[in-house]
Amino acid sequence: MLISDLRQRLRALGALPKHEQRVLRDWVQAKPHDSGRRRPEHFLPLALREALPAIDAELAALARVVSEHPGEDGSARLLVGLSDGQMVESVLLPRDGLCVSSQVGCAVGCTFCMTGREGLIRQVTSAEIVAQVVLARRLRPVKKVVFMGMGEPAHNLENVMEAIALLGIEGGIGHKNLVLSTVGDPRVFERLHGPDVGPVKPALALSLHTSKAELRKELLPRAPRLSPEDIVEAGERYARFSGYPIQYQWTLIEGVNDGPEELDGIVRLLKGKRGLLNMIPYNQIPDLDYRRPSWERARSIAAELHSRGVLTKLRDSAGQDVDGGCGQLRARSSATPQP
Ligand code: SF4
């Protein structure tokens with residue numbers, strides 16, 4: 001289901017914009033119908049009122065929690081089943097955040113990522129993206145949504161932008177708390193700067209991972225061939241346009257991108273820029289040779305970058321104590337029959 005299809009269906013049932021907004025708002029804000037803020041049914045057109053139970057049932061069937069895996073840091077990984085039996089992961093983050101998946105699988109094929117190993121299986125629809133937020137809101141408040149789960153949002157941009165518009169308007173999430181993440185795809189920059197950006201300007205996270213163009217080709221084999229310099233330049237343009245700082249993502253891998261040349265490269269690229277570097281020590285995946293650096297080493301790298309003028313935050317990948325990086329829960333469950 002697409003959100004645009006749902007809107008059309010509501011209109012065909014006689015919904016005026018205010019009715020449409022109310023129905024969508026109730027859904028995305030996960031308001032229980034029997035709460036004191038119950039939908040005032042008698043104000044809705046009769047045909048819409050009669051169709052609502054079936055529509056509610058369809059929305060509820062879009063996504064379900066297959067399993068929940070709480071971490072020690074206050075996060076929890078959710079394995080989410082979609083209506084056709086496919087599965088994605090969402091992560092409840094500390095401080096009311098949620099990380100959602102935009103694709104089942106991913107075509108970028110990053111060599112260090114479990115999701116990238118299986119290629120793209122299918123797109124996650126705009127309604128399924130929002131359904132992940134609704135599921136999470138039944139468990140705890142959600143005030144920030146980051147598109148950093150399974151998939152490359154740039155490869156499913158229509159659905160992602162449609163979900164962002166709904167979350168930012170009817171969903172009540174601050175626009176700068178909607179974070180669109182990309183490996184650096186020109187389509188994202190064109191869309192965000194163009195007339196089709198829609199009513200909500202999201203914040204932007206750009207995955208750098210290395211300052212070396214050649215290494216980037218190896219680590220992100222099917223990412224667009226933008227150099228790290230091109231990516232940062234595009235990020236700066238968007239930061240000026242939106243007024244939000246850019247989040248640059250760096251998965252820190254021992255012996256791959258944690259050496260002195262990379263630190264010099266980061267300073268060259270990011271010093272003085274409107275952005276911050278999120279440095280995330282790699283979550284080891286059993287079948288891959290990449291290694292996670294020690295926390296002490298990661299901390300000293302972050303401190304050095306900070307002292308050299310790059311705003312750097314060292315973050316742990318949420319819930320890494322429960323099942324490693326993005327895609328591992330799904331991979332494990334695909335190998336295990338689900339009830
Ligand atoms: Fe895709 Fe992100 Fe994994 Fe790369 S790291 S393969 S972009 S899901």
Check: In terms of Cα to Cα distance under 19 Å, which aspartates and glutamates are near enough to LYS201, apart from those fewer than 8 places away along the same chain?
Finding: GLU152, GLU158, GLU162, GLU170, ASP185, GLU190, GLU233, GLU236
Notebook entry, point to check: With each run of n ≥ 4 DSSP H residues scored as -39500 (n - 2.57), what mean residue ellipticity at 222 nm is computed for the chain after dividing by its residue count and rounding to the nearest 500 deg cm²/dmol?
Noted result: -11000 deg cm²/dmol
Next item on the list: Could you rank the peptides 184-190, 295-301 by their average count of other C-beta atoms within 10 Å per residue, with the highest value first?
Entry: 184-190, 295-301
Item checked: Relative exposure of SER4, SER75, judged by other C-beta atoms within 10 Å (fewest first) -> SER4, SER75
Margin query: If I stretch the segment between ARG291 and GLU58 completely, what's the gain in nm (0.36 nm per residue apart, minus their alpha carbon distance), one decimal?
Written below: 79.5 nm
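Which entries of LYS31/LYS313; LYS217/LYS271; LYS144/LYS217; LYS144/LYS212 show an alpha-carbon separation above 26 angstrom in the structure shown?
Details: LYS31/LYS313 35 Å; LYS217/LYS271 24 Å; LYS144/LYS217 31 Å; LYS144/LYS212 32 Å.
In this structure, LYS31/LYS313; LYS144/LYS217; LYS144/LYS212 lie more than 26 Å apart at Cα.
Counting other beta carbons within 10 Å of each residue's own, what order do TYR282, TYR290 fall into, fewest first? It would help to have the intermediate numbers written out before the result.
Working: TYR282 25, TYR290 17.
Taking fewest neighbouring Cβ atoms as first place, the list is TYR290, TYR282.
Report the full-extension gain for the segment GLU190 to GLN284: residue separation times 0.36 nm, less the Cα-Cα distance, to one decimal in nm. Can you show the working numbers first?
On the way: separation 94, 0.36 × 94 = 33.84 nm, distance 3.45 nm.
Separation in residues times 0.36 nm, less the Cα-Cα distance, equals 30.4 nm.
Readers should treat all values here as calculations from the given coordinates under stated rules, not as data from a laboratory. Note that this is a predicted model, so its numbers are computed, not measured. Using ideal geometry, Cβ is built from the backbone for each residue, glycine included, and neighbour counts are taken over all protein chains shown.
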